[in-house]
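The values are calculated or read from the model by the stated rules, or taken from the named source; none is laboratory data. Note that the structure is a prediction, hence the values are computed from the model and not measured. A quick note on method: Cβ atoms are made from the backbone with ideal geometry, for glycine too, and the neighbour counts reach across all protein chains shown.
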Ligand SMILES: Cc1cc2nc3c(=O)[nH]c(=O)nc-3n(C[C@H](O)[C@H](O)[C@H](O)COP(=O)(O)O)c2cc1C
């Protein structure tokens, strides 16, 4: 093992998914067998990053991808979080030659796995596909499936309600404005507009509207502005998939270590889906808003939105049951379909490496 091997591992691992492609990590190579991951979260400016938990899930996905990539070099990985500020978590990663390690069959999918926000096939998942996905998360997690015409319809209604909050909240507007790269097919540090899932005309209208919050308010109030994006971004994708899934932990997640561990399971699930030829889109906003509602936490200057969040929570509880909602760490939709022609790419390794 040497530094070149560590670079190859990190070069693959940087393809791990992160919320809004924020890539909440920087790397430091410290010797031939030691890497330091400098994580961060975006809770101070991103309303979706509730308590930093989505960022922690992303970091967990990164750590899992390091393990999977390292297996290709016959290396085992141990990782430990330093007792530091949780908003800027630091992880020591030690790699060791291990003759017992076999290369993970998921390695080829690290770079091809990508989010698909457009319509997927409604063909039901086979029993084999479901059991491979259920096995992928390990014994600390279970999968709750929402399927069939009725299930997808209920999920679409849930996404429609959740999208109203997303599209009428000034705090979310600020996030969307900063994370969409306009007129782009690929984006190294954001989401290209062509991967968002809107048709070209609506994309152009949204680009114009989103220049200014007053335009958004006017559009929403007088022109039914949330309808077209809600139909295209939420309702149709929710109907056009094989199933929605919720990854639930065996016990209620409480802190950073639980969310980092959940991120490992999420990445195994997503890579396994890719291995099975399935595409996936996370649907995290209903979960996030229902956490704000659970704790009666004001998350917007628009106080009426807390009531909308309570409604989302009630609908989600009806859909997946109180027990799964209590322990849910991730939610999304899955199905077969076309590989997206537009996607987020990544910040290059040199930039991610702290010197
Ligand atoms: C914790 C987390 C939450 C996410 N939430 C959403 C979501 O609610 N909706 C969505 O369309 N994509 C969501 N994503 C997908 C990211 O936007 C995507 O992974 C990132 O932009 C990188 O793109 P790629 O996965 O195609 O490489 C989420 C990803 C992670 C890791």
Count of region 20-51 residues which are farther than 30 Å from residue 105 by Cβ, in contact with a helix residue (DSSP H, G or I) (Cβ under 6 Å, 6 or more places away or on another chain) and part of a helix (DSSP H, G or I):
1
Of the residues 350, 303, 326, which single one is without any contact (Cβ under 8 Å) to a residue 24 or more places away in the chain and either part of a helix (DSSP H, G or I) or in contact with a helix residue (DSSP H, G or I) (Cβ under 9 Å, 6 or more places away or on another chain) (or both)?
350
Sole miss for residue 17 among (1) closer than 30 Å to residue 169 by Cα; (2) out of contact with any helix residue (DSSP H, G or I) (no Cβ under 8 Å at 6 or more places or on another chain) is condition (2)
Looking at (1) crowded, with 20+ Cβ neighbours inside 10 Å; (2) more than 10 Å from the ligand (Cβ to nearest atom); (3) over 20 Å from residue 113 (Cβ atoms); (4) in contact (Cβ under 8 Å) with a residue 60 or more places away in the chain, which is the one condition that is false for residue 68?
(3)
Hits in region 106-121 - residues which are surrounded by fewer than 17 Cβ atoms within 10 Å (Cβ to Cβ) and touching a strand residue (DSSP E or B) at 6+ places or on another chain (Cβ under 9 Å)
119, 121
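Report, by residue number, each residue of region 15-30 that is more than 10 Å from the ligand (Cβ to nearest atom) and in contact (Cβ under 8 Å) with a residue 12 or more places away in the chain. Steps first, please.
The first filter runs over region 15-30 and keeps only residues more than 10 Å from the ligand (Cβ to nearest atom), leaving 25-30.
Across region 15-30, the qualifying residues are 25, 26, 27, 28, 29.
Would you confirm whether or not region 289-305 contains a residue that is within 19 Å of the chain's Cα centre (by Cα), within 16 Å of the ligand (Cβ to nearest atom) and crowded, with 22+ Cβ neighbours inside 10 Å?
First, pick out the residues of region 289-305 that are within 19 Å of the chain's Cα centre (by Cα): 289-292.
After this cut, where a residue has to be within 16 Å of the ligand (Cβ to nearest atom) as well, the list is 289-292.
When the remaining residues are screened for being crowded, with 22+ Cβ neighbours inside 10 Å, the result is 289-290.
Yes, region 289-305 has at least one match.
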When you check residue 133 against the structure, is it under 28 Å from residue 234 (Cα atoms) and either within 20 Å of the chain's Cα centre (by Cα) or without any contact (Cβ under 8 Å) to a residue 24 or more places away in the chain (or both), yes or no?
yes
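Residue 59 - would you say it is within 15 Å of the ligand (Cβ to nearest atom) and either assigned by TED's automatic domain parsing to the domain that holds residue 329 or surrounded by 20 or more Cβ atoms within 10 Å (Cβ to Cβ) (or both)? Talk me through it step by step, then tell me what you get.
Numbers: within 15 Å of the ligand (Cβ to nearest atom): yes; either assigned by TED's automatic domain parsing to the domain that holds residue 329 or surrounded by 20 or more Cβ atoms within 10 Å (Cβ to Cβ) (or both): yes.
Here the answer is yes, as residue 59 does meet what is asked.
Look through region 31-47, keep the residues that are within 20 Å of residue 346 (Cβ to Cβ) and crowded, with 20+ Cβ neighbours inside 10 Å, and return whichever of them is farthest from the ligand (Cβ to nearest atom). Spell out how you get there, then give the answer.
From region 31-47, those within 20 Å of residue 346 (Cβ to Cβ) are 35-42, 46; that's our starting set.
Subset that is crowded, with 20+ Cβ neighbours inside 10 Å: 35, 37, 39, 41-42, 46.
Values: 35: 20, 37: 15, 39: 13, 41: 11, 42: 11, 46: 11 Å.
Looking at the filtered set, the residue picked out is 35.
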Failed condition for residue 54, given (1) within 27 Å of residue 163 (Cα to Cα); (2) within 16 Å of the ligand (Cβ to nearest atom); (3) not in a helix (DSSP H, G or I), with all others met?
(3)
Unmet requirement for residue 316, which otherwise passes all of (1) part of a helix (DSSP H, G or I); (2) within 16 Å of the ligand (Cβ to nearest atom); (3) under 22 Å from residue 174 (Cβ atoms):
(3)
Helices (runs of 4 or more DSSP H) (entirely within region 197-287) containing at least 2 residues that are modelled with pLDDT of 95 or more and within 16 Å of the ligand (Cβ to nearest atom)
236-239, 256-275
Checklist (1) assigned to a helix (DSSP H, G or I); (2) closer than 13 Å to residue 283 by Cβ; (3) in contact with a strand residue (DSSP E or B) (Cβ under 8 Å, 6 or more places away or on another chain) applied to residue 133, failing item
(2)
